[in-house]
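Heads up, the thing below is written out as structure tokens.
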């Protein structure tokens, strides 16, 4: 359980901690201002990261939360 919490926290640090650095309108990436692209990229990457953690988490194998 403790390991899982640290993995969740680790996944949020790059997304939130770097906003002051990337808070720019220019350049445009895929037609979006850079800061919006950055946030959307981290939403996707964090979801992917948490999915991988869920797959690799053998401690809760066999439990269904649904």
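Just a few scattered comments:
- Residues being assigned to a helix (DSSP H, G or I) and modelled with pLDDT of 80 or more - total across the stretch 13-48: 15
- Among the residues of the stretch 16-50, just one is at positive phi and either in contact with a helix residue (DSSP H, G or I) (Cβ under 7 Å, 6 or more places away or on another chain) or surrounded by 10 or more Cβ atoms within 10 Å (Cβ to Cβ) (or both), namely 30.
The values are calculated or read from the model by the stated rules, or taken from the named source; none is laboratory data. Keep in mind that this is a model prediction, so the values were computed, not measured. So basically every Cβ, Gly included, is an ideal-geometry build from the backbone, and we count neighbours across all protein chains shown.
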